[in-house]
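One structure is given here, and the rest of the page talks about it.
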Amino acid sequence: MISDHDPIVAIATAPGRGGIGVVRVSSPARLDALIEAIVGRPLTPRHAHFLPFKDANGVLIDEGIALAFPAPHSYTGEHVVEFQGHGGPVVLRRLLARCLEAGREQGIRLAEPGEFTRRAFLNDRMDLAQAEAVADLIDASSEAAARSAAASMTGAFSEQVTGLADRIVHLRMLVEATLDFPEEEIEFLEKYQARSVLDAIASDLSHLLAQARQGAILREGLHVVLAGQPNVGKSSLLNALAGFEAAIVTPIAGTTRDKVVQQITIEGVPLHIVDTAGLRETTDTVEQIGIARTWAEIEQADVILHLLDATQPQPELDAAITSRLPARTPVLEIINKMDLVEGGNDGARDSAGDAVDARADARIDANVVAGGAPGVDVNANVAGHPAKRLGISALTGEGLDTLRQELLAIAGWNPSGESPYLARERHIQALLQAAGHLEIAGEHAALSDRVLDLFAEELRLAHGALTSITGEFTSDDLLGVIFSRFCIGK
Ligand SMILES: Nc1nc2c(ncn2[C@@H]2O[C@H](COP(=O)(O)OP(=O)(O)O)[C@@H](O)[C@H]2O)c(=O)[nH]1
Ligand SMILES: [Mg+2]
């Protein structure tokens, strides 16, 4: 386990070449000796000094800005000094080595990932949800995610959580005061309108949960897997959604063997689109491995796009695929190559999903009949599965806008919603737990022979769940998990 008392140092800027590069030191003890050793003079707090940075022999390493932030007015809450030099890997390594050397007597060491932010949390410069938002802002993959992370970082999400926690504490105090006067128990709930107070808290909590869920979608992105028989146009659809040739497209069945993952964003929501090997019986060993990987991807998908070829219906094969898709995962059935189907290119583009559906159904039926496979009712097979259907053309782009909107809808994205807080799964679980305890508290309150101490206990548990978000009481293990995923120097 790492000590939270050592002085620490790291290169804070990204590796590689850049205009500037920053080496940052944080220490519970003053850093005068280290500063003096490197720049040859003391620094005025929070003033930019342009100075030479020198090695132990007085040889120049670089020149740049040195900035001192004495405790507690710094990012970490400790004594911090920053050396902003030129952003080259060699010069920054020399400057880092120099800091390690100049701080050796104080026991300085390299910082672990996220250790500066960990100290900021431990020194009450920010709560845990804010600290997590720092990493989420750095990792944000879309503008919307960055905006939400910034809101959470400055405490907007924590404020909501803390506000709810405070209201629960208040209610709990009233209950616990009453517990000492058993004769008043019965009147307590009425006197303080405890049930309507509880309902109001629960309703605000579920509102916050909805915003947090939106934020979680922004943070994690949605794993969308393209599945279907060979040659139905999976790779073409990936390319159409990505806007460039991410995957190889040929008329040869079995072209895609390994998965191709492409990240796209739709209205700021990140989606990871996974193209896979087409599902068919094959003796080709490489393709067999690819198909096994396809099924593995399908198992982990948030959404499955099951592609069918409007011109080549093979209902038994598609039904076989459908029957193996995991029941818990939403499936969209995509009838591709609508441009080849009669009337497929009329004015009914994009928005007229139903019309497209009808055409696809009609065509597939017609083909089945024409193909001499009477008795095979595609619609019955497909209709037996609750999947939604959509006609598109990966070639012309027909139907793709509708598909994008469907994907957002399936993700639970609410376009008109308030700006979400960039929440994590951990926060959502905690909010759910709190909501669960409030619900049980409400049930206790509704009973005729209600027991106030059970009511109070549920309030206590709900409060505990909420405060775990901001990290009032956290285990060292959880901190380790959270901060180890940061980058070094943050
Ligand atoms: N006309 C037409 N051809 C398409 C469409 N989508 C894919 N294709 C063609 O179908 C063939 C197979 O496409 P591909 O994307 O490799 O299918 P995959 O095996 O499912 O990945 C290629 O020749 C594509 O050009 C479409 O919407 N319309
Ligand atoms: Mg392919």
Worksheet item: Tally Lys/Arg at +1 and Asp/Glu at -1 over every other residue whose Cβ is under 15 Å from the Cβ of VAL303; what's the total?
Response: -2
Discussion item. Can you sort TRP295, TRP413 from fewest to most other Cβ atoms within 10 Å of each residue's own Cβ?
Written reply: TRP295, TRP413
Response to the item:
Karplus ³J(HN,Hα) for segment 325-337 (6.51 cos²θ - 1.76 cosθ + 1.60, θ = phi - 60°; Hz, whole; x = Gly/Pro) runs 6, x, 5, 7, 9, x, 10, 10, 8, 10, 8, 8, 6
Worksheet item: Once the other residues with Cβ under 11 Å from the Cβ of GLY228 are scored (Lys, Arg +1; Asp, Glu -1), what is the net sum?
Response: -2
Worksheet item: In whole Hz, what ³J(HN,Hα) sequence does segment 69-83 give by Karplus (6.51, -1.76, 1.60; θ = phi - 60°), x for Gly and Pro?
Response: 10, x, 4, x, 8, 9, 4, 8, x, 9, 6, 10, 10, 10, 10
Fill in: Unit charges on C-beta of K, R, D, E only; dipole of segment 8-127, Debye
160 debye
Worksheet, complete the sentence: Quotient of Cα radius of gyration and Kirkwood radius for segment 148-235, i.e. Rg/Rh, equals 1.33
Discussion item. Can you list residues from other chains, or at least 5 along the same chain, whose modelled amide H is less than 5 Å from the amide H of GLY228?
Written reply: LEU279, LEU307
Discussion item. Can you list residues from other chains, or at least 5 along the same chain, whose modelled amide H is less than 5 Å from the amide H of LYS388?
Written reply: VAL331, GLU333
Response to the item:
Taking the reciprocal of mean 1/r across every pair of different Cα atoms in the chain, the Kirkwood radius in Å is 27.0 Å
Worksheet item: Among the helices of the chain (complete DSSP H runs), which have Cα atoms covering no less than 18 Å along the helix axis and a Kyte-Doolittle mean of at least 0.0?
Response: 89-102, 156-179, 194-220, 353-370, 452-470
Worksheet item: Amide H neighbours of GLU472 under 5 Å, counting only residues 5+ apart in sequence or on other chains, H built in-plane at 1.01 Å?
Response: none
Item to complete: Mind giving me the FRET efficiency for LEU110 and GLU176? R0 is 56 Å, r the Cβ-Cβ distance, nearest 0.05 is fine.
Response: 0.70
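Every number here is computed from the coordinates shown, using simple stated rules; none is lab data. Only a predicted model underlies this, so the values are computations on that prediction, with no experimental measurement involved. No Cβ is skipped: glycine too gets one built from the backbone with ideal geometry, and neighbour counts run over all protein chains shown.
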